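A short write-up of the structure that comes next.
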Amino acid sequence: MEGCVATELRLGLPGTDNVRNKKRPLQEADEECGANGKSDAQDETAPPAKAQIVGWPPIRSYRKKNIQAKKNDSEGPGIYIKVGMDGAPYLRKIDLKVYSGYPDLLQALENMFKFTIGKYSEREGYKGSDYAPTYEDKDGDWMLVGDDPWEMFITSCKRLRIMKGSEARGLGCGV
Amino acid sequence: MHKKMAFSFPDEVLEHVFSFIQSDKDRNAVSMVCKSWYEIERWCRRKVFVGNCYAVSPRMVIRRFPEFRSIELKGKPHFADFNLVPDGWGGYVFPWIAEMAGAYPWLEEIRLKRMVVTDESLELIAKSFKNFKVLVLSSCEGFSTDGLAAIAASCKNLKELDLRDCEVDDLSAHWLSHFPETYTSLVSLNISCLGSDEASFSALERLVHRCTNLKTLRLNRAVPLDKIANILRHAPQLVEFGTGTYTADVRPDVYSDLAGVLSSCKELKSLSGFWDVIPDYLPAIYPVCSKLTSLNLSYATIQSPDLIKLVSHCPNLQRLLVLDYIEDSGLEVLASSCKDLQELRVFPSDPFGAEPNVSLTEQGLVAVSLGCPKLQSVLYFCRRMSNEALVTIARSRPNFTRFRLCIIEPKTADYLTLEPLDVGFGAIVQYCKDLRRLSLSGLLTDRVFEYIGTYAKKLEMLSVAFAGDSDLGLHHVLSGCESLRKLEIRDCPFGDKALLANAAKLETMRSLWMSSCAVSFAACKLLGQKMPRLNVEVIDERGPPDSRPENCPVDKLYIYRSIAGPRFDMPPFVWTMDEDSGLRLS
């Protein structure tokens, strides 16, 4: 069966690995396109990463540091927090960094604990269900998930708890 | 006899007249009228400017001007800002301080740019000049907070301490506590470049509290947002203020404190800092925006909508520094809101990314050029340009004095026509008759240099990278640009011919930098031999240039006029082409 790999029909130049999915310069894509269509372009091995030219673009080092600092923040270690739900036998752990925002996070929680959260509004909290997602912040206070901007939330959230029942409904009373 | 006396004034009268002449150029002109004017002028010159610290020796300066109070010195070439000048090249200030310490106990002001300043130098300054008032260090390095502590402790009359973009060894934030409790004369303090370590907030607060004449205060990133209110409360008279990090947990009390204290600063005209901005705290500055003339948001990583909101509150803005997050849409708003805008700098937020991360193109620059009648200075980073846009910009804004365009990818052609950008930059130099500084980028042939040589008669500084086809390009510039003082070139196919043919021109300029070009070692030697008043320095980290064939191009070349002769503080990778031996090692 080993022979199959060598002779199988693949999208890409013989001898190249199909795994990477980077864009190619437009000219090459035109050459390779033919009958296979534009999708070929995406599956080619990427050209080697461009070597950075010394001193170009002409930006001072302290500006470069400022930009890099921002980037490292987003690529750094994850923000792992415990998540509990009222009535669930054990807690779970999630990395807040993998979510793009509240909808993404809430969807993940719904899948994890098999429940449905209501619709969020600033005035009434989560309306239409028995559940309300809450979190403990840096000051030790329990807050409703969704009021703060996402970036602020992930830096101040210490743990999550999905409240259930009458307590949860009480949060929706526009206090 | 009588006629002669009628035309000569007593020295004191001439001295009094000369005291109204401040500019160095005018002073130099005055000193060349006749011998007696030279003598009178040199005794009453109070401010000395040395554009290249190696062009003249400290002793020569002291001998000619026995009574100056203020000196400004510049060291490394401009491309040192972008790491093109290896560490250890030179630019040491200590010899100057040492000479002046003996000769000028009454020296009051020292301003340095791109020089190496050691703690030893700072300690010597603190010890030697009893009436020392102003220390401005711009893009300097080599010192630590220990040196600053010495200045703080000893300079009782210090008015200005300005560390602009310096690299400082941050050993301890407690240097601020070295200002004695009796010290109150501070007018301007800029510590924005200091590291992000714990700062001594209480010492800073007390300092600000007792220095009631403080007009400029630029803090560093380490000062948290919730500390600013306490600092500003003591300084409502501030005219220029730079925040520290502009982020904190959103708390209504911190916000209202900050907004309140800012609105009581009625004289505030300039704001900077804004590291790590979160938009929630931006409205705190709205009350002061209408009076702002200068705003530096070049560290503020906020998006276009927030930038637009901010900029729309600042109708009197004259100077704006910002990241390309502002995008074309933000620049259009700027063009319609800020009719007094004179200077704009747009920096790239992702300079090394392969693809554009924001929607900032030539359109933004066109909008501002069309909309802001007073715009004269621009530094603009973008990823595409067209000749059409450049021609529009040139026609609508002939009052440009500084035009620096950086198209991020080298040799990028006009994106509409795929042609070189020669015609576009040609229009800039043709229409902007007062252009003093120009930086080129994009795909350029020798033709652009022909335009520059023909039209850019007031051009004093030109920066060139990845441009041109042949020596003809360099020849056009050297033979045509009458006012040229500084020329810096990298990665261009310019070789020996143009350089040697225009050798005499080099003595009329402050300096020429060429790196990764095609100038041979032989040509450097020849130039050094023929032009004794030029220092021809070959900088090559590969090893001695004579270990390779003579026609091999040198890595980096720095040529500057000097009456001090070759310097003696060169590191092992710098050689001066001497008239005697053709090769001199220090």
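Just so it is clear, none of the values below were taken in a lab; they were calculated from the coordinates. Fair warning: this is a prediction, and the values are worked out from it, not measured in the lab. Don't worry about glycine lacking a Cβ; one is built from the backbone with ideal geometry, like all the others, and counts go over all protein chains shown.
Computed values, structure above
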read-out: FRET efficiency, B:F568 to B:E267 (Cβ-Cβ, R0 45 Å, nearest 0.05); value: 0.35
read-out: Beta bridges per DSSP with both ends in the protein assembly as shown, % antiparallel, nearest 5; value: 30 percent
read-out: Kirkwood-based shape ratio for region A:78-167, expressed as Rg/Rh from alpha carbons; value: 0.91
read-out: For B:350-359, mean number of other protein chain Cβ atoms within 10 Å; value: 3
read-out: For A:95-108, mean number of other protein chain Cβ atoms within 10 Å; value: 0
read-out: Estimated inter-spin distance, A:E151 and B:E120, nm [label 7 Å along Cα→Cβ]; value: 4.6 nm
read-out: Lysine pairs with alpha-carbon atoms under 16 Å apart, region B:472-586, spacing 8 or more or separate chains; value: 7
read-out: Mean residue ellipticity (222 nm) of the protein assembly as shown, computed from DSSP H runs ≥ 4 via -39,500 (n - 2.57), nearest 500; value: -9000 deg cm²/dmol
read-out: Stokes-Einstein D for region B:495-585, Kirkwood Rh over Cα pairs, 10 °C, 1.306 mPa s (µm²/s); value: 124 µm²/s
read-out: Extended-chain gain in nm, criterion 0.36 nm per residue less alpha-carbon gap, B:S70 and B:D253; value: 61.2 nm
read-out: Spacing of the two label points (7 Å from each Cα toward its C-beta) at A:K64 and B:D434, in nm; value: 3.6 nm
read-out: Loop GluC sites (Glu not before Pro), region B:259-356 (other Cβ atoms within 10 Å of the site Cβ: 14 or fewer; DSSP); value: B:E267
read-out: Nearest-0.05 FRET efficiency for B:S200 and B:V33, computed from C-beta distance (R0 60 Å); value: 0.65
read-out: Exposure proxy order (Cβ contacts within 10 Å, fewest to most) of B:C552, B:C166, B:C382; value: B:C552, B:C166, B:C382
read-out: Mean Cβ neighbour count within 10 Å, used as a protection proxy, ranking B:175-184, B:362-371, B:311-320 highest first; value: B:362-371, B:311-320, B:175-184
read-out: Full-stretch length increase - B:Q529, B:E409 - with 0.36 nm per residue and alpha-carbon distance subtracted; value: 39.3 nm
read-out: Scaled radius of gyration (Cα, divided by 2.2 N^0.38 Å) that the protein assembly as shown gives; value: 1.13
read-out: Protection proxy ranking, peptides B:67-75, B:219-227, A:89-97, average beta carbon neighbours within 10 Å, highest first; value: B:219-227, B:67-75, A:89-97
read-out: Fewest-first sequence of A:T155, B:T417, A:T134, B:T412 by Cβ atoms within 10 Å of each Cβ; value: B:T417, A:T155, B:T412, A:T134
read-out: Calculated FRET value between A:Y80 and B:Q22, using beta carbons and R₀ = 41 Å, to 0.05; value: 0.05
read-out: Beta bridge orientation in region B:462-586: antiparallel %, DSSP, nearest 5; value: 65 percent
read-out: Share, in percent, of DSSP beta bridges within chain B that are antiparallel, nearest 5; value: 20 percent
read-out: Order of B:D24, B:D324 - criterion: other Cβ atoms within 10 Å of each residue's Cβ, fewest first; value: B:D24, B:D324
